[in-house]
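Here is the structure we will look at, set down as structure tokens.
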Amino acid sequence: PSDYKLTGNLFDFLGRFMVAANPNIRDGMANVYTGIIPILMVPLFFAASKETGIKLRHKIGMGLLLLIMYVSFTNRTLDFIWHGFHFPNQIPFRQSFLMSFLIAFIGFKTIRVLKSFAPSQISAVFIGGAVFLILFEKFGTGNEGYIQILVSLLFVIMEGIALHSVVTGKKSSGFYEILVSAFMAIEMLASCCISVAFVADNEGFPIYKSYAQNYDVVKNYADEVELIAGHKKFERTEIFPNNI
């Protein structure tokens, strides 16, 4: 393809990071959900001082990688190249897991130096996330609805309070590690359960019992014709007309 236009919408794409974002299977924007905390660590990563060990070259490198991945989702030519110079039959954006790994890595680098940030910086990031979710209900055109918005907003508030307490609290680091990990585990569980429910509502599943419903007919026929009329012992048999 020679079309170099960007077909996506950045505002809607950011909605793909919501908890239990609509699982796109045949079409739609990439599945890039990585968790609330990792995605909200991204702006802190770019705001980090060099004393944290996060240097300017790291920010430039990660910024370019994020930009390349996003453009790869919204430009048909780059998407064509990513898929081995062809467009896949369903299951779009098979490279999307790379952006998830990238954001998880950025989140890991940032959360290790979380105490170097001012409480106001932590608050600003999570308030910004909450404002985005509120605006998404008004301006977003993606498939994410009230369930995703409300669940995401709940975890933004809970995890925002937890991370704020890491910076301002007096308890041991082990306590905060367990607290943040517990919130992230609960979020992952909620996202998994809701996403599977959405898949079940929108996709068909095969019924196992139908696989062998013609077993007796097939076996009886095979027993009758085996070794007669030119048939060999144990040869392949098929039902006609076939089911699929």
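Brief remarks follow.
- Accessible surface of the stretch 120-188 [probe 1.4 Å, protein heavy atoms]: carbon and sulfur percent: 72
- Amide proton proximity set for residue 25, modelled H, under 5 Å, gap of 5+: none
- R0 of 35 Å, Cβ-Cβ distance residue 3-residue 199: FRET efficiency to nearest 0.05: 0.65
- Nitroxide proxy distance, nm - points 7 Å out along Cα→Cβ at residue 10 and residue 26: 3.2
- Under 17 Å from the residue 51 label point (7 Å along Cα→beta-carbon), backbone N, the stretch 145-168: 167-168
- Calculated FRET efficiency, residue 190 to residue 87, Cβ-Cβ distance, R0 = 30 Å: about 0.35 to the nearest 0.05.
- On the beta carbon distance between residue 60 and residue 115, with R0 = 30 Å, the FRET formula returns roughly 0.75.
- Full-stretch length increase - residue 164, residue 178 - with 0.36 nm per residue and alpha-carbon distance subtracted: 3.6 nm
- Euclidean distance of C-alpha centroids, the stretch 93-162 and the stretch 50-78, integer Å: 18
- Interchain or long-range residues, amide H under 5 Å from residue 31's placed H: none
- In this structure the chain gives 63 Å² per residue of accessible area when probed at 1.4 Å with all protein chains present.
- Our helix-only sum for the chain, with -39,500 (n - 2.57) per DSSP H run of n ≥ 4 divided by its residues, gives a mean residue ellipticity at 222 nm of -19500 deg cm²/dmol.
- Legend: helices of the chain (whole DSSP H runs) are marked when their alpha-carbon atoms reach 24 angstrom or more along the helix axis and their mean Kyte-Doolittle hydropathy is at least -0.5; marked are 56-74, 119-139, 146-168, 173-202.
- What the phi angles of the stretch 20-33 give under the Karplus curve with 6.51, -1.76 and 1.60, with θ = phi - 60°, is a coupling list of 6, 3, 3, x, 7, 10, 9, 7, x, 6, 5, 8, 10, 3 Hz, glycine and proline written as x.
The values are calculated or read from the model by the stated rules, or taken from the named source; none is laboratory data. It should be emphasised that the depicted structure is a prediction, and the values quoted were computed from it without experimental measurement. When we count neighbours, we look across all protein chains shown, and the Cβ atoms used for this are built from the backbone with ideal geometry, even at glycine. All accessible areas refer to the heavy atoms of the entire protein, side chains included, with ligands and DNA or RNA removed. Shrake-Rupley method; radii C 1.70, N 1.55, O 1.52, S 1.80 Å.
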